[in-house]
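Data block below; observations after.
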Amino acid sequence: MTDTYSQFSVLSLYSAMGLYAVAFILFTLDLSGLAPAKLRLARIGLSITWLGFALQVIATVLRGLAASRVPWANMYEFAMTGTLMIMLVFLIVNLKWDIRYLGAFITGFVLLALGISATRYYVEVVPLPPALQSYWLVIHVFVATLATGFFALGFALSLAQILQERRERATNEQQAARWAWLSRLPNSVNLENFAYRLIIVGFVLWTFTLIAGAVWAEKAWGRYWGWDVKEVWTFIIWTIFAGYLHARSTRGWRGSRSAVLAMIGFAAVVFNFTVVNIFFKGLHAYSGLS
């Protein structure tokens, strides 16, 4: 039964990736303005994204059933769950704000992450290491991946903000024509405000992640903090986003400076998940790679 669950999990995940690829193409065509507006490609792309998300949920659940545990014990499972949270946040936030213009970035990023993970970091189901056999695994990792989802949207909005600012500063028709496709997006101020609100939520969740990790470390290893490389990078990420929120609220940072800082923060999250997991050794070395 374990093999069956695992096989169907892989099949569901690849099916989800196929749907995300189709949605990515539709979002891109809609954003570029190459297709007639009456086709409503972004709306179709969003519907297909929901279907892909449903299949990814199935893939994640089946992986958990195959392992008889929560499916986040190695790089492959972290990628599956992390991208699922990014997609969940995108879809839920889209119910409040119309952010379909981020669809190309979100589906593209998730598709790339899943593709690399499925082809380079796939491992068979294995038992949890003793240190991970705790209910703190569910709490700590779930909140961390959820925070990553908000940071990812904050990154996408900040990137869009920088590009939009260039369009708004265009001084001649040639420059304006180059950035004409951005006219479909909100102005740079609104994009920045959206990013700020989402990053606040992500920061609160990441703060809980840092605290929960310290509590778990005390139960697992008998100390709250040990300067393990994963612990250090988790704190670095917290510091970057704390600096972003502080600078924007008290020092009046607006425009591209705050956007760049938000993007650096998400880049640090990606670095922590990829480079730190793969190339650094420590108590948190759970990549699953031999």
| message | Given the criteria at pLDDT 85 or above and more than 19 Å from the chain's Cα centre (by Cα), does residue 212 qualify? | response | yes
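Only one of these is surrounded by fewer than 23 Cβ atoms within 10 Å (Cβ to Cβ) and under 18 Å from the mean Cα position of the chain (by Cα): 88, 102. Name it. Spell out how you get there, then give the answer.
Details: 102 fails: surrounded by fewer than 23 Cβ atoms within 10 Å (Cβ to Cβ).
Step by step, each of 88, 102 is checked, and only 88 is surrounded by fewer than 23 Cβ atoms within 10 Å (Cβ to Cβ) and under 18 Å from the mean Cα position of the chain (by Cα).
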| request: With the condition kept exactly as written, say whether any residue in the stretch 117-133 is in the same structural domain as residue 18 (by TED's automatic domain parsing) and more than 30 Å from residue 212 (Cβ to Cβ). | output: yes
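Identify all residues within the stretch 57-108 that are among the hydroxyl-bearing types (Ser, Thr, Tyr) and more than 29 Å from residue 196 (Cβ to Cβ); write none if there are none.
Across the stretch 57-108, the qualifying residues are 60, 68, 76.
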| List pairs: first in the stretch 248-270 and free of Cβ contacts under 8 Å to residues at least 60 places away in the same chain, second outside any loop (DSSP other than H, G, I, E, B) and hydroxyl-bearing (Ser, Thr, Tyr), Cβ under 7 Å, 6+ apart or cross-chain? | 248/196; 248/258; 261/244
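Considering each of 21, 54 in turn, give the residue that is closer than 16 Å to residue 113 by Cα, small (Gly, Ala, Ser) and assigned to a helix (DSSP H, G or I).
21
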| task | Give me a count of the residues in the stretch 241-258 that are over 17 Å from the mean Cα position of the chain (by Cα) and closer than 19 Å to residue 153 by Cα. | result | 10
| Hey, residue 183 hits all of (1) among the hydroxyl-bearing types (Ser, Thr, Tyr); (2) part of a helix (DSSP H, G or I); (3) within 25 Å of the chain's Cα centre (by Cα) but one; which does it fall short on? | (3)
| query | List, please: which pairs have Cβ atoms under 9 Å, are six or more places apart or on different chains, and start with a residue in the stretch 1-14 that is more than 15 Å from residue 111 (Cα to Cα) and end with one that is of a type outside the set (A, V, I, L, M) and part of a loop (DSSP other than H, G, I, E, B)? | reply | 2/68; 6/124; 9/71
| said: Quick check on my filter: what residues within the stretch 242-259 are of a type in the set (S, T, N, Q) and closer than 20 Å to residue 207 by Cβ? | reply: 249, 250, 258
| query | From the set of residues in the stretch 48-80 that are crowded, with 21+ Cβ neighbours inside 10 Å and among the hydroxyl-bearing types (Ser, Thr, Tyr), which is nearest to residue 13 (Cα to Cα)? | reply | 60
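Quick check on residue 242: is it within 26 Å of residue 114 (Cβ to Cβ), modelled with pLDDT of 85 or more, in a helix (DSSP H, G or I) and assigned by TED's automatic domain parsing to the domain that holds residue 148?
The answer is no for residue 242.
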| Among 109, 105, which is more than 15 Å from residue 80 (Cα to Cα), in a helix (DSSP H, G or I) and aromatic (Phe, Trp, Tyr)? | 105
| said: Considering only the stretch 124-131, I want to know if a residue exists there that is closer than 19 Å to residue 233 by Cβ and surrounded by fewer than 19 Cβ atoms within 10 Å (Cβ to Cβ). | reply: yes
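The values are calculated or read from the model by the stated rules, or taken from the named source; none is laboratory data. As the structure is a prediction and not an experimental result, all values here were calculated from the model. Note that we place each Cβ from the backbone using ideal geometry, even for glycine, and neighbour counts take in every protein chain shown.
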